[in-house]
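A short worksheet on the structure shown next.
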């Protein structure tokens, strides 16, 4: 995401993933945050096509995993299947968060 005010990166991946980015919890959930360079109040208005393609690919991969679950469970055992599932889920969450950060389109919030 690029800040429309200063044309620099509005947020880092770690700041996006682990902080409220200078706004209240409710505003953060609604997509509001402040630019890490200039402090401008921004809001995510939409996401790029790449993000939505990733979401579709992730859903397809998780559904395929569920279809293959029983055969995987029988061939490698329950503990290995759970470890594989946890790795797949953590990877999906990380990539989802990365996609939200990388392909978010932001606009400046006008103060009343």
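The values are calculated or read from the model by the stated rules, or taken from the named source; none is laboratory data. Quantities reported herein were computed from a predicted structural model and do not represent experimental measurements. Here the Cβ is made from the backbone with ideal geometry for all residues, glycine too, and neighbour counts use every protein chain on show.
Kindly provide the set of residues from segment 97-109 that are out of contact with any strand residue (DSSP E or B) (no Cβ under 9 Å at 6 or more places or on another chain) and either surrounded by fewer than 19 Cβ atoms within 10 Å (Cβ to Cβ) or over 14 Å from residue 8 (Cα atoms) (or both), ordered by number.
Within segment 97-109, the subset out of contact with any strand residue (DSSP E or B) (no Cβ under 9 Å at 6 or more places or on another chain) is 97-98, 101-102.
Listed by number, the residues that qualify are 97, 98, 102.
Identify, please: which residue in segment 56-73 is surrounded by fewer than 15 Cβ atoms within 10 Å (Cβ to Cβ) and within 15 Å of the chain's Cα centre (by Cα) and is, among those, modelled with the highest pLDDT?
56
Yes/no matrix, rows are residues, columns are (1) within 17 Å of residue 16 (Cα to Cα); (2) not in a helix (DSSP H, G or I):
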{"site": "51", "(1), (2)": "yes, no"}
{"site": "54", "(1), (2)": "no, no"}
{"site": "58", "(1), (2)": "no, no"}
{"site": "70", "(1), (2)": "no, no"}
{"site": "74", "(1), (2)": "no, no"}
{"site": "79", "(1), (2)": "no, no"}
{"site": "89", "(1), (2)": "no, no"}
{"site": "94", "(1), (2)": "yes, no"}
{"site": "111", "(1), (2)": "no, yes"}
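Please find, within segment 28-46, the residue that is surrounded by the fewest Cβ atoms within 10 Å (Cβ to Cβ) out of those that are within 25 Å of residue 90 (Cα to Cα) and at pLDDT below 90.
Taking the candidates together, the pick is 29.
Examine segment 16-27 for a residue that is within 17 Å of the chain's Cα centre (by Cα), surrounded by fewer than 14 Cβ atoms within 10 Å (Cβ to Cβ) and more than 19 Å from residue 93 (Cα to Cα), and state whether such a residue exists.
Yes, that holds for at least one residue.
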